[in-house]
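Engineer: There's a structure below that I have some questions on.
The values are calculated or read from the model by the stated rules, or taken from the named source; none is laboratory data. All values derive from a computational prediction rather than experimental measurement. Note that each Cβ is placed from the backbone with ideal geometry, even for glycine, and that neighbours are counted across all protein chains shown. Side chains included, ligands, DNA and RNA excluded: accessible areas come from the protein's heavy atoms. Shrake-Rupley method; radii C 1.70, N 1.55, O 1.52, S 1.80 Å.
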Amino acid sequence: MKELSLNILDITENSVKAGATLTEICIDESDETIILTITDNGHGMTDETLKTVLNPFYTTRTTRKVGMGLPLLKLACEQTGGSLEIFSKHIDDFPNEHGTTVKTMFCKNHIDCAPLGDVVETIKTLIQGHPDTDFLFTHNFTNGKVLLDTRELRVVLDGVPLNTYEVIKWIEEYLKEQYSEIQKA
């Protein structure tokens, strides 16, 4: 994918399909690296699935016979000198602490490192498309961080759906304001 934000969207969509009620998206950005970690509390993967998930000819989708998301993400990481790790606990084996973590590391200054892309639009799209799922988004920089937790929004909104136009617009402005403050610092 041409932007890392599209990988975030792809992986997080997989989390939602796996029954996650909470998906944590964390970007740790330094001058040298971008570390992206996505953790969910979905059903998780069996050991057998975990062994094949990076094979492009394996997919759980019924609409096509290939699954390119994770294999292409792994390739993108490795092309920059980075890495990809996947950890998962399946619900059958770990009924109280199941889920999946995908952790990537990109060498930011490498010529093959894809740009981060429009993270605000990605987070907005995820919330709008999955208003009943909670997302904890954190983007850490050396001089500050951007943070959004939909669980906190639910408390304040007291029953107002997260995907209403006004809430989505507020989320967009709230994230953009935080990014603007980081850029000023």
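Engineer: Taking segment 171-185, which residues are open to solvent by 40 Å² or more (accessible area, probe 1.4 Å) and polar (S, T, N, Q)?
Structural biologist: Of everything in segment 171-185, those that are open to solvent by 40 Å² or more (accessible area, probe 1.4 Å) and polar (S, T, N, Q) turn out to be Ser180, Gln183.
Engineer: Counting just the residues of segment 84-104 that are open to solvent by 50 Å² or more (accessible area, probe 1.4 Å) and not charged (D, E, K, R), which one comes out nearest to Asn55 (Cα to Cα)?
Structural biologist: Phe87
Engineer: Would segment 163-170 turn up any residue that is touching a Gly at 6+ places or on another chain (Cβ under 8 Å) and either assigned to a helix (DSSP H, G or I) or surrounded by 11 or more Cβ atoms within 10 Å (Cβ to Cβ) (or both)?
Structural biologist: Yes: one or more hits.
Engineer: Something else: Can you name the residue in segment 91-112 that is in contact with an Asp or Glu (Cβ under 8 Å, 6 or more places away or on another chain) and not in a strand (DSSP E or B) and, of all such residues, is nearest to Thr23 (Cα to Cα)?
Structural biologist: Lys108
Engineer: Looking only at residues in segment 151-181 that are of a type in the set (Asp, Glu), closer than 22 Å to Leu22 by Cα and at pLDDT 95 or above, which one is farthest from the chain's Cα centre (by Cα)?
Structural biologist: Per the stated criteria, the residue is Glu152.
Engineer: Sticking with this structure for a sec: Do we find a residue being under 21 Å from His43 (Cα atoms), crowded, with 16+ Cβ neighbours inside 10 Å, modelled with pLDDT of 95 or more and of a type in the set (A, V, I, L, M) anywhere in segment 132-148?
Structural biologist: Yes, some residue in segment 132-148 is under 21 Å from His43 (Cα atoms), crowded, with 16+ Cβ neighbours inside 10 Å, modelled with pLDDT of 95 or more and of a type in the set (A, V, I, L, M).
Engineer: To continue, here is another question. Restricting attention to segment 6-50, which residues are in a loop (DSSP other than H, G, I, E, B) and open to solvent by less than 10 Å² (accessible area, probe 1.4 Å)?
Structural biologist: Within segment 6-50, Ala20, Gly42 qualify.
Engineer: Moving on. On the given criteria, is Leu84 at pLDDT 95 or above and in contact with a helix residue (DSSP H, G or I) (Cβ under 7 Å, 6 or more places away or on another chain)?
Structural biologist: Yes, satisfied.
Engineer: Between a first residue in segment 158-180 that is over 15 Å from Asp118 (Cα atoms) and touching a residue at least 12 places away in the same chain (Cβ under 8 Å) and a second residue that is open to solvent by 90 Å² or more (accessible area, probe 1.4 Å) and part of a helix (DSSP H, G or I), which pairs have beta carbons less than 8 Å apart while being 6 or more apart in sequence or on different chains?
Structural biologist: As it stands, the answer is Leu162/Gln128; Asn163/Gln128; Ile168/Gln128, since those pairs meet every condition given.
Engineer: Given the condition more than 15 Å from Thr23 (Cβ to Cβ), of a type in the set (Asp, Glu) and open to solvent by less than 60 Å² (accessible area, probe 1.4 Å), answer yes or no: does some residue in segment 113-121 qualify?
Structural biologist: No.
Engineer: Can you name the condition, by its number, that Gly81 falls short on among (1) small (Gly, Ala, Ser); (2) surrounded by fewer than 16 Cβ atoms within 10 Å (Cβ to Cβ); (3) not in a loop (DSSP other than H, G, I, E, B)?
Structural biologist: (3)
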